[in-house]
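Visitor: Take a look at this one; I'll ask things after.
The values are calculated or read from the model by the stated rules, or taken from the named source; none is laboratory data. Keep in mind that what you see is a predicted model, and the values were worked out from it rather than measured. All Cβ positions, even for glycine, are placed from backbone atoms using ideal geometry, and neighbour counts span all protein chains on display. Just the protein is used for accessible areas: all its heavy atoms, side chains included, with ligands, DNA and RNA removed. Shrake-Rupley method; radii C 1.70, N 1.55, O 1.52, S 1.80 Å.
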Amino acid sequence: MLNISAGKSCSNRNPTFYSPIKRGRFLVLQNTKKFAAFACFRFWVVFVFWVSLEDCIRRIVVGFGFGDRKKVGALMGSVVEEISNGGGHSVVDVESKAGFGGGIVDVYGEDCATEDQVLTPWTASVASGYTLLRDPHYNKGLAFTEKERDAHYLRGLLPPTVLTQELQEKKLMQNLRQYEVPLHRYIAMMDLQERNEGLFYKLLIDNVEELLPVVYTPTVGEACQKYGSIFRHPQGLYISLKEKGKILEVLKNWPDRGIQVIVVTDGERILGLGDLGCQGMGIPVGKLSLYTALGGVPPSACLPITIDVGTNNEKLLNDEFYIGIKQRRATGQEYAELLEEFMTAVKQNYGEKVLVQFEDFANHNAFELLAKYSKTHLVFNDDIQGTASVVLAGLIASLKLLGGTLADHTFLFLGAGEAGTGIAELIALEISKKTGAPLEKARKKIWLVDSKGLIVKSRLGSLQHFKQPWAHDHEPIKELVDAVKAIKPTVLIGTSGVGKQFTKEVVETMASLNKKPLILALSNPTSQAECTAEEAYAWTKGRAIFGSGSPFDPVKYENKLLVPGQANNAYIFPGFGLGLIMAGAIRVHDDMLLAASEALATQVSEEHYAKGMIYPPFTNIRKISANIAAKVAAKVYELGLASNLPRPKDLVKYAESCMYSPRYRSYR
Ligand SMILES: O=C([O-])CC(=O)C(=O)O
Ligand SMILES: [Mg+2]
């Protein structure tokens, strides 16, 4: 079933609404009279409880703008239990948790806990007054109406004026624009997120092109580097080696119970900036804010996690403000055991359908974790699969400008890590599916260069396993420019994580070989891009089709405005994740990635092509995400991996109806 609701209120915070009724205990009844009396009493208790719960649900659903109970039920696609939550409501999958329709669900593990087991003592309370103003999920600041100020004990706690959300947004955008240093904008946005979540998302959704570079790449990179000194409010969940053996308990400390997407990093390869240890937390936080803003997954369904196994970054180890554990990285069995405990606890706590997105792990762990857990969990590696899907989308779209089919092109990569080999594999898969050629043959169109030069057969013995499929017959070549001359690629893709590698000579060689060279400088943040948009256009005399991982402004070249594309996985993962969770997927399959690429490519219009664009602008991203989600969900159903049944007829409409809205709700 789908566990996300239209609108902001799937929150399941601070919730315990029924007293712990101990199950599994035996009452030995002395005689049948007593038994009959007890049975009547139990029936009465259950009946009264159920009637009040129903009434409570109806009030909450109506009170918070969901209106019609039937509609909510239909949206959720299954039996739902909605529990009042002093301002929000939670949605619990009764069928899957209880194993039968109706009944009380032991969501917090209290009923089945033995007396010596530890519990998190959650209590339910209605936030009002001072507390309400300090609860980011329900705070509306100056937008509280007169009536709400009376009803919620806010009189005097706010200045007299009442502002609309639109006016609040206008004021905040004006304030933000006054900061000249991008990091200051980032801090202001994070403060807003911690103060007034609805307003944060309203800003982000309405001003996506302007604010994406603030909460995401490139600024988030700098924020991670300085996370210790700019640290104000803890965001997300930290699981360090100190929590070994207690990870399930740590997960239970997180206030939201209806988690559907987890983005997790161990901070070892943050963007192209390397090992930032525990300070990598900025990445899961940023990615999940895009899940909500771009993909419509409610914030209360998102959980950012950083696994802290130490860092090998000497600068951080010697930094008095470093927030992580100060030791060198745990590796081998110690690392594997912690990850295993984490993945097991996640499934135990949130079930089969929670999506775990691996983000910015170093190559050696990323491939292994993906291979291991894709068999047992709903997992997705954004750097391998998300980046692959977005690049493939751009390549499919670029065929409109370049002509021919994918199989007619030759691809050369600089960088043979997660992104490089991930993209290469997805291109080969698409070629193989489209032409019917074996995968092995499709791979021959694709060449990779790593730090030791062109990947060729003679290097096979010393290559890591993920590079081996790309070792083709060729004499060794050391330099990228010589590889370009020898391989004669039509497409050059940078995934090296090292800036300025596409030199003038490299780009000019591409231009001498191709009428319209396709150049993708994908490494993040901007400082690590293989070349800039301006360089790519200048060195190809305006003929390049250019895309990058971090954003570049449009460039005027000889009176023509050339618009670079942002080939960033942010186009894919929010819609991809939404598609998975709305179908109740239990596993990710490569065909779902291909479906996402094709869905994104079809969003590029003639008007975009005329400007040399191979990606649609981010302004329409929620519509784009709904389309991606629909195509991904369709594939999930087709492959028999969906658990939200029956399949909704119109998946685009269904996706749209599931998307979070940042508009304020009225409180009664
Ligand atoms: O975060 C981004 O902008 C893209 C990405 O996944 C990475 O570079 O690791
Ligand atoms: Mg990443």
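Visitor: Can you tell me which residue among LEU578, LEU593 is at pLDDT 95 or above, touching a helix residue (DSSP H, G or I) at 6+ places or on another chain (Cβ under 7 Å) and within 16 Å of ligand 2 (Cβ to nearest atom)?
Guide: When all the criteria are applied, what remains is LEU593.
Visitor: Any chance region 420-428 includes a residue that's in a helix (DSSP H, G or I) and more than 28 Å from LEU271 (Cβ to Cβ)?
Guide: For region 420-428, residues in a helix (DSSP H, G or I) and more than 28 Å from LEU271 (Cβ to Cβ): absent.
Visitor: Name the residues in region 289-300 that are out of contact with any helix residue (DSSP H, G or I) (no Cβ under 8 Å at 6 or more places or on another chain) and within 16 Å of ligand 2 (Cβ to nearest atom), would you?
Guide: Listed by number, the list is empty, since nothing qualifies.
Visitor: When the residues of region 138-154 are filtered to those that are touching a residue at least 60 places away in the same chain (Cβ under 8 Å) and over 16 Å from PRO662 (Cα atoms), which remaining residue is least open to solvent (accessible area, probe 1.4 Å)?
Guide: That would be GLU148.
Visitor: Look through region 272-326, keep the residues that are surrounded by 23 or more Cβ atoms within 10 Å (Cβ to Cβ) and charged (D, E, K, R), and return whichever of them is farthest from ligand 1 (Cβ to nearest atom).
Guide: Here the answer is ASP308.
Visitor: Here is a further query. Can you name every residue in region 538-554 that is crowded, with 19+ Cβ neighbours inside 10 Å and away from ligand 2 (no atom under 16 Å from the Cβ)?
Guide: TRP539, THR540, ALA544, ILE545, PHE546, GLY547, PHE552
Visitor: Right, here's the next one. Of the conditions (1) away from ligand 2 (no atom under 16 Å from the Cβ); (2) not assigned by the TED database to the domain that holds PHE411, TYR557 fails just one. Which one is it?
Guide: (2)
Visitor: Shifting gears a bit: If you go through region 328-374 one residue at a time, how many are in contact with a Leu (Cβ under 8 Å, 6 or more places away or on another chain) and not in a helix (DSSP H, G or I)?
Guide: Number satisfying all stated conditions: 10.
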